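To keep things clear, I will list the structure first and then write my remarks on it.
The values are calculated or read from the model by the stated rules, or taken from the named source; none is laboratory data. The structure displayed is predicted, hence computed values, not measured ones. Cβ placement follows ideal geometry from the backbone for every residue including glycine, while neighbour counts extend to all protein chains displayed.
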């Protein structure tokens, strides 16, 4: 019986590398846009100043001011704390609590919410055009 040699050097792998996520960028963008996604994720809450108030992080409507607070603005935007349960978390954890997602699915949802999915074109801030500079001498000549 003779041995058969199989050359696998030219075989193309049948897998794709999973996209990598920049978690710092995701968190930064989630903080910048918390006023948009927090109310959408927790529609039963109510806004009080720069905070979104809930009865709990499960999203139940607050009776009065609610014991769960999600910051909407500032350096802690997207962070939550539940004073009744003495628990809290950052923006990605807020999305985890609101959606029930975990692991890779959670990170993909957070990246999508933040607008930073790998492979998608980067979102850029709108460019504002400044008004053209006026030539005062020309204005004076026009008046005279």
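Key figures
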item: Boolean, residue 70 is within 18 Å of residue 95 (Cβ to Cβ), at pLDDT 95 or above and outside any helix (DSSP H, G or I); result: yes
item: Within the stretch 74-94, tally of residues that are touching a strand residue (DSSP E or B) at 6+ places or on another chain (Cβ under 9 Å) and part of a loop (DSSP other than H, G, I, E, B); result: 7
item: Which listed residue, of 62, 121, is at pLDDT below 95, buried (at least 16 other Cβ atoms within 10 Å of the Cβ) and either over 21 Å from the mean Cα position of the chain (by Cα) or closer than 25 Å to residue 25 by Cβ (or both); result: 62
item: Selected residue (criterion: surrounded by the most Cβ atoms within 10 Å (Cβ to Cβ)) from residues of the stretch 9-27 that are under 21 Å from residue 73 (Cβ atoms) and touching a residue at least 60 places away in the same chain (Cβ under 8 Å); result: 26
item: Residue that is farthest from residue 114 (Cα to Cα), among those in the stretch 11-26 that are in contact with a helix residue (DSSP H, G or I) (Cβ under 8 Å, 6 or more places away or on another chain) and in a loop (DSSP other than H, G, I, E, B); result: 18
item: Count - residues of the stretch 37-54 that are surrounded by 12 or more Cβ atoms within 10 Å (Cβ to Cβ) and part of a helix (DSSP H, G or I); result: 4
